[in-house]
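**Q** Have a look at this one.
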Amino acid sequence: MTPVLVLDRINPIAGNQAEGPMLQAGFESFVGGAAIPLRHGLTLGELALLMRFQHGIKVDLSVLPVRRWRRDNDWLDMNQHWLAPSPNLPSPSSLWIYPGGVMTEGTNLSEGRGTTTPFEVIGAPWIDPIRFSRRLQDAGLTGVRLLPNRFCPSFDKHGGRSCGGVSIHVTDPSAFRPCRTAITVLAAAASMYPDDFRWLDPPYEYEYNLPPIDIISGNDRLRRLFARGVGSISQDDLTELLAVGNWWDTASDFLLYE
C-alpha cells in the first residue's frame, strides 16, 4: 500500500464542539464528500483516519500528532502566528463564523466577499440594518453580538453597491454556535424581505443540478424547512436540523487527543 504521512494541524476553532447539518447520501459534491457535520470538531489527521475507514481507502496512513493541544484549545490558545489559508479567511475571527456563514453563499445575500471582513458581515442592498439587527436581538443567540452595519463589496455579490445588514462579533467562542446563528440570520432575511431573498440556482462549484444551498448544507432539509414558511420555524426545528446524532460515537475511534 502507498505510505501516507499526515503532519497534523489543530482544529483552529477547537475540537470539542460539533454542529450540523449533516451531509446525507446523494448530496456529495466537490464542496463535501463525507458523512460529517458542517462543524465536525476534528483535526486534519483525525479526518484522514476517518476518511480512510469510511471510504475504504487503501493507504498505509500515519499521523504525526500536534504537541500540547487539547480539544478545548482554539488557535489563539496556541499563540501561533496566523497565515490566512484563503483571502476570504483573513483572520482567526472569521474562522469561528465560517462553518455556518458559508451557507450564505447559497443565497443572494452578500457574505462579505469583496470586503476586508468576509463572513463577518452579512447583508444586501434591500436590508435596513437597524430593523434587521433589532429583529435578531430577540433570537436567543449565544456568544455573539449582531450589530447594524452597512458595507460595500468591491466585487462579487452586489459589488459596488451599499449593503445593509449586520456585522457578526463573537463574544464567547465556547458558547457561539455558528450554524444556528447563520440559519437564524437567513431566516430573518427571508421573513422580513420575502420578495427579495432567494436561494441561488446552480451551477455552483462544479455542481450543475442540485441547488448550492443543498450541497453546502449537505442535504435539502434547510431549503424544505424555509419552503414550509420561515415564520413557522421553531427552536425545536432548528435543534433537529442542527443535530449531529451519533457523530461523536462514530468519530471516537479516530480521536488522537484527549
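**Q** Which ranges mark the helices (runs of 4 or more DSSP H) fully within the range 144-252 that have 1 or more residues being within 23 Å of Pro37 (Cα to Cα), among the hydrophobic types (A, V, I, L, M, F, W, C) and free of Cβ contacts under 8 Å to residues at least 24 places away in the same chain?
**A** It comes to 221-228.
**Q** Let me ask something additional. For Gly218, only one of the following conditions fails: (1) more than 18 Å from the chain's Cα centre (by Cα); (2) surrounded by 11 or more Cβ atoms within 10 Å (Cβ to Cβ). What is its number?
**A** Evaluating Gly218 over (1) more than 18 Å from the chain's Cα centre (by Cα); (2) surrounded by 11 or more Cβ atoms within 10 Å (Cβ to Cβ) leaves (1) as the failure.
**Q** Residues Phe176, Phe226, Phe197, Phe132: which one is out of contact with any Asp or Glu (no Cβ under 8 Å at 6 or more places or on another chain), closer than 26 Å to Pro87 by Cα and not charged (D, E, K, R)?
**A** Phe176
Conditions (1) among the small types (Gly, Ala, Ser); (2) at pLDDT below 95, marked per residue:
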{"position": "Pro178", "(1), (2)": "no, no"}
{"position": "Ala182", "(1), (2)": "yes, no"}
{"position": "Pro194", "(1), (2)": "no, no"}
{"position": "Phe197", "(1), (2)": "no, no"}
{"position": "Asp220", "(1), (2)": "no, no"}
{"position": "Arg223", "(1), (2)": "no, no"}
{"position": "Leu238", "(1), (2)": "no, yes"}
{"position": "Leu242", "(1), (2)": "no, no"}
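**Q** Check Ser93 against each of (1) modelled with pLDDT under 95; (2) out of contact with any strand residue (DSSP E or B) (no Cβ under 7 Å at 6 or more places or on another chain) and name the one condition it does not meet.
**A** Going through the list (1) modelled with pLDDT under 95; (2) out of contact with any strand residue (DSSP E or B) (no Cβ under 7 Å at 6 or more places or on another chain), Ser93 breaks only (2).
**Q** Restricting attention to the range 198-221, does a residue exist that is among the β-branched types (Val, Ile, Thr), over 30 Å from Phe53 (Cα atoms) and touching a Phe, Trp or Tyr at 6+ places or on another chain (Cβ under 7 Å)?
**A** No, that holds for no residue.
**Q** For the range 192-207, indicate whether the set of residues that are out of contact with any His (no Cβ under 9 Å at 6 or more places or on another chain) and buried (at least 22 other Cβ atoms within 10 Å of the Cβ) is non-empty.
**A** no
**Q** Just name the residue that is surrounded by the fewest Cβ atoms within 10 Å (Cβ to Cβ) out of those in the range 131-173 that are of a type in the set (D, E, K, R) and farther than 19 Å from Ala190 by Cα.
**A** Asp172
The values are calculated or read from the model by the stated rules, or taken from the named source; none is laboratory data. What you see is a predicted model; the values in this text were computed from it and never measured. Every residue, glycine among them, receives a Cβ derived from its backbone with ideal geometry; neighbour counts consider all protein chains shown.
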